[in-house]
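*Asks:* This is the structure, below, for whatever I ask next.
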Amino acid sequence: MKSKQGQILRSLLAILLIGLSWWGIFAARSGLVVRSFERDQVPLLYMVPQQAQNAPGVLIAHGFAGSKQLMLGYGHVLARAGYAVMLWDFDGHGANPAPLKGFELQKNLDVARQVLVEQPEVDRTRLALLGHSMGSGVVIAAGVQNVEQFAATIAISPGGQNVTSQAPRNLQLQVGAWEGRLLPYTQQLLKDAGGANEQFAQGKARELVTVPTVEHITILFSQVSHQAALRWLDLTFGQQSQSEYVDRRMIWYFLHLVGWLLLLSAIAPYVKIPATPDLKIAPWRAWGGLVVSPIVALGGLRLLDPIVDLQSLGGVQVGGAVGIWFLIAGLVWLRILGQLPRVSWQLAGFGVALFGLLWIAVGAMAQIVWLQWWLIPARLTIWLPIAIACFPWFLASGMVQQSTRWFTRLGWWFGQSAMLIAGFLVVIIVLPKLGFMFLLLPLFPVVMALFAFVSALLNNSWIYAIGNTLFFAWLLAAGFPLSACCLSFG
């Protein structure tokens, strides 16, 4: 009886957290005008304070494998402070169906600038640029080529570009303290730009901001980075922003996810999963497969490299190669395990239901917080092929964790995270063309922790494999850019 009451209370708390988180997300948009556009296939998002007039305009550009949603932290902070901001998806990214071709992205920025200056609240004589990583290269290039058009340029985790003491105007550089070799590069970039100074009136102001305790992705959610950008724009345009807004949308997003997982934990005991025999797997097979499979997968990619364009395999940048890695590693791991668990249509149905729950828990709010979650048709076509490729790995992972205790599952979480990070690091070293795989490395511990929690609640390897594979493949299909070709042989 007490157990049932506890589950009811847990369900109510979960519903409360989910509802509260949605309230927090919508409250973050209160007082803002938000408009969506599409021009020349480029999806755009515009934000400006209500009743704004002659507001300075800011173009905000995302990085590789990003989207306009990933830059919304800057959008909210700047819009709340009186700026009119325009965000967009570069070719091949987010909801933009045009394939990425050689990083020729200036035309996308030109489209965004044209739509920005058409908005009635914008002062077209006062424009600025902000970009992250790949996007920083695009905005620096625009600031150099159109010196008089843009009063300030903010480059976050900047890529390689030529700068001078004259161009771009009022340049702020930001880099995360945990970005390794990018820090000395950014310091050299500051020297090339003329060194730190505060000559805003002449357009020669220069600054380097080192953002503490962040790396290449987490810098985008740093309040230090947001406020540094706002301060630089205020100094450029002679404004004194009175906004005290702090972007807490990721906290609401986290509470939303916790709420759904709490709800799953409350209803899981009532899910009648068909009984299946416990798998008897020798530890040397389980752990040996985990260690050996990444080595074989690396060898497989190395053999394929001379004959297949791994970088754009399957119509998606890098993501196709990730799928091949998981396919080879998963098949090797299953072969070492030497058995397969029984499956039924009912178990498959539970697996699809698990995917649906994870899809809502992680993605429903992600769409308006940090990730283009809805897959456009071009991305839907690559989702299932990636899922099929990843499936053997997750089936093996589910098998070794089935009917294990919590501390054993903790060990598998750590072991898989470590081997995936190490495996992909070696791939990056051996095949530098796949270097953007590094974007996955911080994701592995988080995703594996989520999957370990799910496996503890639904103790079945097939449910684990189907649900988590479909979800993981969706993440890959949503994140990596669309490539210019589906399959290329060299």
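Readers should treat all values here as calculations from the given coordinates under stated rules, not as data from a laboratory. Fair warning: this is a prediction, and the values are worked out from it, not measured in the lab. Here Cβ is always computed from backbone atoms with ideal geometry, including for glycine, and neighbour counts include all displayed protein chains.
*Asks:* Can you give me the angle between helix 377-401 and the longest principal axis of the chain, using Cα atoms only, in degrees from 0 to 90, rounded to the nearest 10?
*Replies:* Roughly 50 degrees between the two axes.
*Asks:* Also, quick follow-up: Choose one of PHE37, PRO442, SER157: the residue whose Cα lies farthest towards the positive end of the charge dipole of the chain (beta-carbon charges +1 Lys, Arg; -1 Asp, Glu; about the Cα centre).
*Replies:* My answer, from the dipole projection, is PRO442.
*Asks:* Here's another thing I want to ask about it. Under 5 Å between amide hydrogens, which residues at least 5 positions from LEU32 or on another chain qualify, with H placed 1.01 Å from N in the peptide plane?
*Replies:* GLN50
*Asks:* Explain nothing, just the number: dipole magnitude of the range 208-358 about its Cα centre with +1 on each Lys and Arg Cβ and -1 on each Asp and Glu Cβ, in debye rounded to the nearest 20. Could you put the intermediate results ahead of the total?
*Replies:* Values: 9 positive and 7 negative charges, 135 e Å.
Using only the charged Cβ atoms, the result is roughly 640 debye.
*Asks:* Provide, as a two-decimal number, the C-alpha radius of gyration of the range 32-245 over 2.2 N^0.38 Å, N being how many residues it has. Intermediate values should be presented prior to the final figure.
*Replies:* Values: Rg = 15.6 Å, N = 214, 2.2 N^0.38 = 16.9 Å.
Against the compact-globule rule of thumb, the ratio is 0.92.
*Asks:* Please list, by residue number, everything in the range 392-435 whose backbone N is under 18 Å from a paramagnetic label point 7 Å out along Cα→Cβ of LEU183.
*Replies:* Under cut-off, by backbone N: nothing.
*Asks:* What do you get for the angle between helix 182-192 and the principal long axis of the chain? Use alpha-carbon atoms, 0 to 90 degrees, nearest ten.
*Replies:* Value to nearest ten degrees: 10.
*Asks:* Any chance you could list P(r) for the range 239-368, counting all Cα-Cα pairs in 10 angstrom bins from zero, rounded to whole %?
*Replies:* Histogram of Cα-Cα distances, whole percents per bin: 10, 20, 26, 29, 10, 4, 1.
*Asks:* Under 20 Å from the Cα of LYS433, which lysines turn up, not counting those fewer than eight places away in the same chain?
*Replies:* LYS101
*Asks:* Let me ask something else about it. Under a point spin-label approximation (7 Å from Cα along Cα-to-Cβ), what is the LYS280-LEU304 distance to one decimal in nm?
*Replies:* For LYS280 paired with LEU304, the spin-label model returns 3.7 nm.
*Asks:* Tell me which residues come under 5 Å, amide H to amide H, from THR153 once H is placed; ignore anything under 5 positions away on its chain.
*Replies:* Amide H to amide H, under 5 Å and 5 or more residues apart or across chains, THR153 pairs with LEU129, LEU171, GLN172.
*Asks:* Now, a different point. If you place +1 on the Cβ of every Lys and Arg and -1 on the Cβ of every Asp and Glu, how big does the dipole about the Cα centre of the chain come out, in debye to the nearest 20? Don't skip to the end; give the middle numbers.
*Replies:* Numbers: 31 positive and 21 negative charges, 283 e Å.
Computed charge dipole of the chain: roughly 1360 debye.
*Asks:* If amide H atoms are built 1.01 Å from N in the plane of the peptide, which residues on other chains or at least 5 residues away come under 5 Å of the amide H of VAL209?
*Replies:* Amide H to amide H, under 5 Å and 5 or more residues apart or across chains, VAL209 pairs with LEU173, GLN174, VAL175.
*Asks:* Once you have the Kirkwood Rh of the range 206-299 from its Cα pairs, apply Stokes-Einstein at 20 °C and 1.002 mPa s and quote D in µm²/s.
*Replies:* Answer from the Stokes-Einstein relation: 110 µm²/s.
*Asks:* Any idea what the relative contact order of the range 32-245 is, in percent, if you count C-alpha pairs under 8 Å spaced at least 6 apart?
*Replies:* Contact order relative to length: 17 percent.
*Asks:* Ranked highest first by the average count of other Cβ atoms within 10 Å around their residues, in what order do 164-173, 134-143 fall? Please list the in-between numbers first.
*Replies:* Working: 164-173: 21.3, 134-143: 24.9.
Sorting 164-173, 134-143 by mean packing, highest first, produces 134-143, 164-173.
*Asks:* Let me ask another. Applying the Karplus parametrisation 6.51 cos²θ - 1.76 cosθ + 1.60 with θ = phi - 60° to the phi angles of the range 335-352, what ³J(HN,Hα) value in whole Hz is obtained for each residue in order, glycine and proline being reported as x?
*Replies:* 5, 5, 5, x, 7, 10, x, 5, 10, 9, 4, 5, 5, 4, x, 5, x, 5
*Asks:* Among ARG231, ARG206, which comes first, then next, by fewest other beta-carbon atoms within 10 Å? Show your work: numbers first, answer last.
*Replies:* Working: ARG231 15, ARG206 21.
Fewest to most other Cβ atoms nearby, the residues stand as ARG231, ARG206.
*Asks:* Gain in length, ILE360 to GLN242, computed as 0.36 nm per residue apart minus the alpha-carbon separation, to one decimal in nm? Let's see the in-between values first.
*Replies:* Numbers: separation 118, 0.36 × 118 = 42.48 nm, distance 3.66 nm.
Fully extending the segment from ILE360 to GLN242 adds 38.8 nm.
*Asks:* Also, I was wondering about something else. To one decimal place, what orientation-averaged projected area in nm² is obtained for the convex hull of the Cα set of the range 278-479?
*Replies:* Mean shadow area of the hull around the Cα atoms is 10.8 nm².
*Asks:* Determine, from the Cβ-Cβ distance of GLN145 and ALA422 and an R0 of 56 Å, the FRET efficiency 1/(1 + (r/R0)^6), rounded to the nearest 0.05. Working shown, then result.
*Replies:* On the way: r = 42 Å, r/R0 = 0.75.
Once the sixth-power term is evaluated, E becomes 0.85.
*Asks:* Right, here's the next one. Give the cross-link partners of LYS272 among the lysines, using a straight C-alpha distance below 25 Å as the criterion and excluding same-chain residues fewer than 8 apart.
*Replies:* LYS2, LYS4, LYS280
*Asks:* Turning to a different aspect of this structure: What does the charge dipole of the range 278-479 about its Cα centre add up to, to the nearest 20 debye, if the Cβ of each Lys and Arg holds +1 and the Cβ of each Asp and Glu holds -1? The partial results should precede the final answer.
*Replies:* Working: 9 positive and 3 negative charges, 68 e Å.
Magnitude of the dipole: close to 320 debye.
*Asks:* So, one more: Can you tell which of PHE254, SER312, TRP284 lies farthest toward the positive end of the dipole of the chain, using +1 and -1 charges on the Cβ of basic and acidic side chains (Lys, Arg; Asp, Glu)?
*Replies:* Checking the options against the dipole of the chain, the answer is TRP284.
*Asks:* Out of the chymotrypsin sites (Phe, Trp or Tyr not before Pro) in the range 345-412, which ones are loop residues according to DSSP with at most 14 other C-beta atoms within 10 Å? Present the calculation step by step, with values, prior to reporting the outcome.
*Replies:* On the way: sites: TRP345, PHE350, PHE355, TRP359, TRP370, TRP373, TRP374, TRP383, TRP393, PHE394, TRP406, PHE407, TRP412; in loops: TRP370, TRP373, TRP374.
Hits after loop and neighbour filter: TRP374.
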